[in-house]
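Novice: Just passing along the structure, written as structure tokens.
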Amino acid sequence: MSFYKEHYDVVIIGGALAGLSCALQLQQKGIKDILILEKHNLPGGLATSYVRNGIEIEATLHEMMSIGTKEDRLKVGVFFDEVGVDIDWLRVPEAYRFVRTAPEGGKPIDITLHSGFETMSKEIDAQYPGWGPKVLKFMELCNTVYNSMNILSVTPMSKVQMLLKHPDFVKTAGYTATEVMDTFHFPKEIEEILTPYWIYVGNPMSTLPFTIYAFLMADYFRGGSYVCRNFSHEMSMKLQRKAEENGAQIEFCQEVEKILVKDGKVYGVRTARGDEISCDYVVSAAYPNKVYTQMIEPLEEVPEGAVKMINGRRLSVVPVSVMMVLEGTPEEIGIKDYNIFSGDTMDTDKIWENYHTLGPYRYLTSICLNLANPSCTPEGYTQFSITALPLPEAFVNVREEDYFALKRKFANDMIDTYEKTTGIRIRDRIVEIEVSTPMTIAHYVGAWKGCIYGYSHSIDDHAVARLQMKEEDHFIEGLEFAGAHSISGNGMGPAVTNGRAAAKAIFEDLEKRGQMDAYKQHPAAADAMKEGAAS
Amino acid sequence: MSIRVKGFLKDVGGASRVTKMRREMIQSASAAPQPGDPIRALADALHPGKQEFTVTKITPASPTSRTFRLEPVNGHIPPFQAGQYINFYLTIGQSTLTRAYSLSSAPYEALGDKPFVEITIRRNVSYFVPDYFFDQVKEGDVLTAAMPFGQFYYEPLRDAKNVVALAGGSGITPFVSMAKEIAAGCLDCDLTILYGSVKSDDIVCGEQLAAAERACIERNAGLIAAGRKSGGQVRVIHIMSDDPDWTGEKGFVTRELIEKYSGAAGGEKSDTTYMFCGPLAMFRAVSRSMEEMGITPRRFRHDVMAQPGNVKQIPGFPEDQIGKTYQLTVVRGIQKDVIPARADEPVAVALERAAIAIDTHCRGGECGFCRSQLLAGDIFVSPLGDGRRREDKEMGWFHACSAYPVSDLTVKIPII
């Protein structure tokens, strides 16, 4: 008796957004024999929720990007439409409110920006008269780079073509966000106002590639951002259901312990339960660090280059989140904004240094879900979270007997800082409170060192370079990666892109071997392949 | 538009430059594998999953209850908070049954050189498993269990420092743990326990509670004598519902008694968190009292309650279903098994009877460990402690411990 088929074309390790999107993309081209093995007992990874005393609590740190409006669909929105995943999106009302307390002898900043390049530049102009047009130019540059990035990530191009068609992208590719922003000679306050989203890619501005920064700014300010009516769990469940309808097998509570390799080629996986499952391809959401140091069996199959790659690259941030249900409506509490970035400085190098410690953290992002999704709590309550994103190094010496105290320290510190910076009092209203840490992530999701953002988006690990080095970063035949650790990096939108990229790598490999036909199990697939080749 | 900045205008080599930079960064890195992940190691220490415990001591906790002391075979117990529970995986006949018990020992006793935990079980409170503990489990036996679980604990970030516990019968156990932790100076809150029993013989852990009360008084006297601030205190008020010889409080845990003992030590009214653990009937009465007293949900916490064995106690249960048996098709991976399932027992029980493993924990519908997928048929989901996510409800996912078949069913459950 067995719970599995004798063989699968593709085994996907991890049923989160990347793994599910990979399955859907594979199915688009007719590959049907897919098994998804998920460690937890539900899909989505971090795109999930949990219930406390009847109230469902969102577990993600922030909203979904790259969806766009019905009229101006962005990349992920287009993909969901194509595969027939219909999610009840609710648009987040503003981009962010930014509150930076006054430095000694200086002035505080308190500004709220909404999506739309013109809108946000006017909002800045209202506080800093005369600067609006230049901010608009800056945002247009971000948008040009964003458009180029979307095209270039799927369409290979010669250098000359690139230069002709995507000059801004080419010219800014070698520079950091700070370097490009400096050329605009904004007043310091405007630079600060344009900086808060840096934390969504987890790298200080001084070493963050402008390309990545531009992508983020253009995506959020052009398309706005979205949350699901039934929490992120809705998105995860709908992706799962579609993948199952298309024929994928999904099994929960199955942690994959080993990836079986012979003569440089993958031939299966083994689960913690002991099931050995045969397959041609493995797509891993487990980090390369874990795969190349623990999971490949035998480990001798791991080439030296793979180890150097994971040792050279730096891991990005881990989350510390205080998630609360508060007594009272947002109005009663005095919360007017969905998203507030707050702190006493916007110097990202200083914040980065601070994020190497266990706090108190100087820079916080807070989210009041009710202001995007009023139905997220029963009447009279508010769902509210505060997050900091420190580095995993800060946690290596934490002892288990101190863990509960550490969680409470985080919560106390973060609530204090939030209350002081914003003047909003929340402490006396707590109905439910949970503190999630990198250990929480490691426990539920299994992510290496509790990392949610993959590798640092720094200039020496530039996404453009990752794309160019795709071939040389590929070490074991039949093994692809799909997660925040892949080329496009972190975030729920990029997770979908990363999953699709892994599927594409499998198509390319099958094409190369002339085996695509053998995998296609329905007639439409042949046409789909032709279309794919043509584009 | 293009940037009209001189420096960038001519620089078309950025992409090549960053690629070279990345290649050099990787080439100069160490080739020695670094397989350690201290964060996952800590996560695993905090949540070790199933582990083995030796039963080292069995002592009576009342004429009808026993305390089982458990020491870890590997010497390690994950830290827990007073009020949390342990989940046993008991092999009884062909089946593996999962059952949760609140820990009655204190968290500090699980640390140190000779760590242990204790559970206290009263006989005949629910079917099957208590008998197993009373009749089968002996000192020296090794049991499999996982811990800690549950959110029923004092949370200083949220709860008032003055805590009034409302306990009935064997629902006293989480408060025994709390009382001992306070007495040891490891938890800083003031705990008043209103403990309802039928007669004095039924009091579970009475001696341990009295010892905690005494220890707090002595410690605080010492602290005050030394000019220091006194620590947390414990006081226990026993209430007998049917004991003519009892000289203390009598009757049920009513609003009058709750109000009488809600004040802080000084007697004046203060901000109080109420914590409830006990049988369903008592929960309903206490909930009414809370409502009458104007206590908001923020100040009234209750432990997870297992679904009642008698389905008639479940609001809305379709009584015409009682006694019926349906066919349950269980899908695990590509395998299908067909088993009988009674309409008046949760799906999880049908699986256990058929020796198909299902990982239940709270058995009250809340925790979601036994989350399963309904592929065909109809179920009745108990509204008591319904902890399903919204999208799960819409898509037909359910918690097997609190869902009852009302037709032939096909369900998919995790492979264990």
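Novice: Working carefully through the options B:THR67, B:THR120, B:THR98, find the one that is of a type in the set (Val, Ile, Thr), crowded, with 20+ Cβ neighbours inside 10 Å and within 14 Å of another protein chain (Cβ to nearest Cβ).
Specialist: B:THR98
Novice: So, B:LYS20, is that one more than 53 Å from the chain's Cα centre (by Cα), at pLDDT 95 or above and surrounded by 12 or more Cβ atoms within 10 Å (Cβ to Cβ) or not?
Specialist: yes
Novice: Yes or no: region B:270-277 includes at least one residue that is at pLDDT 95 or above, in contact with a Gly (Cβ under 6 Å, 6 or more places away or on another chain) and either surrounded by 18 or more Cβ atoms within 10 Å (Cβ to Cβ) or charged (D, E, K, R) (or both).
Specialist: yes
Novice: Testing B:ALA357 on (1) within 11 Å of chain A (Cβ to nearest Cβ); (2) in contact with a helix residue (DSSP H, G or I) (Cβ under 8 Å, 6 or more places away or on another chain); (3) touching a residue at least 12 places away in the same chain (Cβ under 8 Å); (4) under 24 Å from A:LYS238 (Cα atoms), one condition comes back false. Which one is that?
Specialist: Only one criterion in (1) within 11 Å of chain A (Cβ to nearest Cβ); (2) in contact with a helix residue (DSSP H, G or I) (Cβ under 8 Å, 6 or more places away or on another chain); (3) touching a residue at least 12 places away in the same chain (Cβ under 8 Å); (4) under 24 Å from A:LYS238 (Cα atoms) is unmet by B:ALA357, namely (4).
Novice: Among the residues of region A:247-274, count how many are within 11 Å of chain B (Cβ to nearest Cβ), in contact with a Leu (Cβ under 9 Å, 6 or more places away or on another chain) and assigned to a loop (DSSP other than H, G, I, E, B).
Specialist: Summing the residues that are within 11 Å of chain B (Cβ to nearest Cβ), in contact with a Leu (Cβ under 9 Å, 6 or more places away or on another chain) and assigned to a loop (DSSP other than H, G, I, E, B) in region A:247-274 gives 3.
Novice: Right, next: Condition test on B:CYS362, is it of a type outside the set (Val, Ile, Thr), in a loop (DSSP other than H, G, I, E, B) and buried (at least 21 other Cβ atoms within 10 Å of the Cβ)?
Specialist: On the way: of a type outside the set (Val, Ile, Thr): yes; in a loop (DSSP other than H, G, I, E, B): yes; buried (at least 21 other Cβ atoms within 10 Å of the Cβ): yes.
Answer is yes for this residue.
Listed here are the residues, each with its yes/no results for (1) more than 27 Å from A:VAL145 (Cβ to Cβ); (2) crowded, with 24+ Cβ neighbours inside 10 Å; (3) at pLDDT below 95; (4) more than 8 Å from chain B (Cβ to nearest Cβ).
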site: A:GLY450; (1), (2), (3), (4): yes, yes, no, no
site: A:TYR455; (1), (2), (3), (4): no, yes, no, yes
site: A:ILE459; (1), (2), (3), (4): no, yes, no, no
site: A:HIS474; (1), (2), (3), (4): no, no, no, yes
site: A:GLU477; (1), (2), (3), (4): yes, no, no, yes
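Novice: Taking A:VAL445 as the residue in question, decide whether it is under 17 Å from the mean Cα position of the chain (by Cα), touching a residue at least 24 places away in the same chain (Cβ under 8 Å) and within 11 Å of chain B (Cβ to nearest Cβ).
Specialist: On the way: under 17 Å from the mean Cα position of the chain (by Cα): yes; touching a residue at least 24 places away in the same chain (Cβ under 8 Å): yes; within 11 Å of chain B (Cβ to nearest Cβ): yes.
Spelling it out, A:VAL445 is indeed under 17 Å from the mean Cα position of the chain (by Cα), touching a residue at least 24 places away in the same chain (Cβ under 8 Å) and within 11 Å of chain B (Cβ to nearest Cβ).
Novice: Given region A:279-372, what strands (runs of 3 or more DSSP E) lie entirely inside it while holding 2 or more residues that are within 13 Å of chain B (Cβ to nearest Cβ) and on the phi < 0 side of the Ramachandran plot? Even if it seems obvious, please write down each step before you answer.
Specialist: On the way: elements: A:320-327, A:339-343, A:363-368.
Ranges flagged: A:320-327.
Novice: Looking at region A:377-416 only, could you name the residues that are over 20 Å from A:HIS62 (Cα atoms) and away from chain B (no Cβ under 12 Å)?
Specialist: A:GLU379 - this is the single residue of region A:377-416 that is over 20 Å from A:HIS62 (Cα atoms) and away from chain B (no Cβ under 12 Å).
Table: residues versus (1) more than 25 Å from B:PHE283 (Cα to Cα); (2) surrounded by 22 or more Cβ atoms within 10 Å (Cβ to Cβ); (3) away from chain A (no Cβ under 14 Å).
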| position | (1), (2), (3) |
| --- | --- |
| B:TYR132 | yes, no, yes |
| B:LEU143 | yes, no, yes |
| B:PRO156 | no, no, no |
| B:LYS199 | no, no, yes |
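Novice: Scanning region A:29-76 for residues that are free of Cβ contacts under 8 Å to residues at least 40 places away in the same chain and more than 14 Å from chain B (Cβ to nearest Cβ), which turns out nearest to A:GLY499 (Cα to Cα)?
Specialist: A:ARG73
Novice: Of the residues that sit in region B:21-62 and are of a type in the set (Ser, Thr, Tyr) and assigned to a loop (DSSP other than H, G, I, E, B), which one is nearest to the other protein chains (Cβ to nearest Cβ)? Steps first, please.
Specialist: First, pick out the residues of region B:21-62 that are of a type in the set (Ser, Thr, Tyr): B:28, B:30, B:54, B:56, B:59, B:62.
Adding the requirement that they be assigned to a loop (DSSP other than H, G, I, E, B) leaves B:28, B:30.
Values: B:SER28: 7, B:SER30: 5 Å.
Out of the qualifying residues, it is B:SER30.
Conditions tested, residue by residue: (1) in a loop (DSSP other than H, G, I, E, B); (2) under 23 Å from B:LEU280 (Cβ atoms); (3) among the β-branched types (Val, Ile, Thr).
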site	(1), (2), (3)
B:LEU209	no, no, no
B:ARG214	no, no, no
B:ARG219	no, no, no
B:GLY222	no, no, no
B:GLY227	yes, no, no
B:ARG235	no, no, no
B:ILE239	no, yes, yes
B:ASP245	yes, no, no
B:ILE258	no, yes, yes
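Novice: Can you tell me which residue within region B:373-413, out of those that are among the polar types (S, T, N, Q) and under 24 Å from A:GLN249 (Cα atoms), is surrounded by the fewest Cβ atoms within 10 Å (Cβ to Cβ)?
Specialist: B:THR410
Novice: Please determine, by comparing only the residues of region B:327-347 that are within 14 Å of another protein chain (Cβ to nearest Cβ) and under 18 Å from B:HIS399 (Cβ atoms), which one is surrounded by the most Cβ atoms within 10 Å (Cβ to Cβ).
Specialist: That would be B:VAL330.
Novice: Considering B:GLY263, B:GLY251, B:GLY222, which residue is in contact with a Lys or Arg (Cβ under 6 Å, 6 or more places away or on another chain), surrounded by fewer than 18 Cβ atoms within 10 Å (Cβ to Cβ) and not charged (D, E, K, R)? So that I can check it myself, show each step before the final result.
Specialist: Details: B:GLY251 fails: in contact with a Lys or Arg (Cβ under 6 Å, 6 or more places away or on another chain); B:GLY222 fails: in contact with a Lys or Arg (Cβ under 6 Å, 6 or more places away or on another chain).
Matching residue, one of B:GLY263, B:GLY251, B:GLY222: B:GLY263.
Novice: For region A:5-45, how many residues meet the condition of being under 30 Å from A:GLU434 (Cβ atoms), surrounded by fewer than 24 Cβ atoms within 10 Å (Cβ to Cβ) and either among the polar types (S, T, N, Q) or not assigned by TED's automatic domain parsing to the domain that holds A:TYR287 (or both)?
Specialist: So the answer is 1.
Novice: I would also like to ask the following. If a residue must be closer than 27 Å to B:VAL253 by Cβ and either of a type outside the set (Asp, Glu) or at pLDDT below 95 (or both), how many such residues does region B:191-234 contain? Write out each step before concluding.
Specialist: Just the residues of region B:191-234 that are closer than 27 Å to B:VAL253 by Cβ, to begin with: B:191-217, B:220, B:231-234.
Imposing the further condition that a residue be either of a type outside the set (Asp, Glu) or at pLDDT below 95 (or both) reduces the set to B:191-206, B:208-212, B:214-217, B:220, B:231-234.
Number satisfying all stated conditions: 30.
Novice: Still on this structure, I have one more. Out of A:THR178, A:THR211, report the one residue that is within 12 Å of chain B (Cβ to nearest Cβ) and either at pLDDT 95 or above or part of a loop (DSSP other than H, G, I, E, B) (or both).
Specialist: Numbers: A:THR178 fails: within 12 Å of chain B (Cβ to nearest Cβ).
Exactly one of A:THR178, A:THR211 is within 12 Å of chain B (Cβ to nearest Cβ) and either at pLDDT 95 or above or part of a loop (DSSP other than H, G, I, E, B) (or both), namely A:THR211.
Novice: Quick one: is B:CYS370 in contact with a Cys (Cβ under 6 Å, 6 or more places away or on another chain), surrounded by 22 or more Cβ atoms within 10 Å (Cβ to Cβ) and either within 12 Å of chain A (Cβ to nearest Cβ) or free of Cβ contacts under 8 Å to residues at least 40 places away in the same chain (or both)?
Specialist: yes
Novice: What helices (runs of 4 or more DSSP H) completely inside region A:42-156 contain at least 1 residues that are under 30 Å from A:ILE13 (Cβ atoms)? Step through it out loud before you land on a result.
Specialist: On the way: elements: A:75-83, A:117-127, A:132-152.
So the answer is A:75-83, A:132-152.
Novice: If you go through region A:103-119 one residue at a time, do you hit one that is touching a Leu at 6+ places or on another chain (Cβ under 7 Å) and away from chain B (no Cβ under 13 Å)?
Specialist: Yes; the residues of region A:103-119 include at least one that is touching a Leu at 6+ places or on another chain (Cβ under 7 Å) and away from chain B (no Cβ under 13 Å).
Novice: Kindly establish whether A:MET205 is over 26 Å from A:VAL85 (Cβ atoms) and outside any helix (DSSP H, G or I).
Specialist: yes
Novice: Sticking with this structure for a sec: Given the criterion in contact (Cβ under 8 Å) with a residue 40 or more places away in the chain and more than 28 Å from A:ALA16 (Cα to Cα), identify the matching residue among A:GLY264, A:GLY247, A:GLY343.
Specialist: Working: A:GLY264 fails: more than 28 Å from A:ALA16 (Cα to Cα); A:GLY247 fails: more than 28 Å from A:ALA16 (Cα to Cα).
Matching residue, one of A:GLY264, A:GLY247, A:GLY343: A:GLY343.
Novice: Continuing with this model, one more query. Which numbered condition trips up A:MET469, out of (1) touching a residue at least 40 places away in the same chain (Cβ under 8 Å); (2) surrounded by fewer than 23 Cβ atoms within 10 Å (Cβ to Cβ); (3) facing chain B (nearest Cβ under 7 Å)?
Specialist: Going through the list (1) touching a residue at least 40 places away in the same chain (Cβ under 8 Å); (2) surrounded by fewer than 23 Cβ atoms within 10 Å (Cβ to Cβ); (3) facing chain B (nearest Cβ under 7 Å), A:MET469 breaks only (1).
The values are calculated or read from the model by the stated rules, or taken from the named source; none is laboratory data. Being a predicted model, the structure only gives us computed values, none of them experimental. Ideal geometry is used to build each Cβ from the backbone, glycine not excepted, and the neighbour counts take in all protein chains shown.
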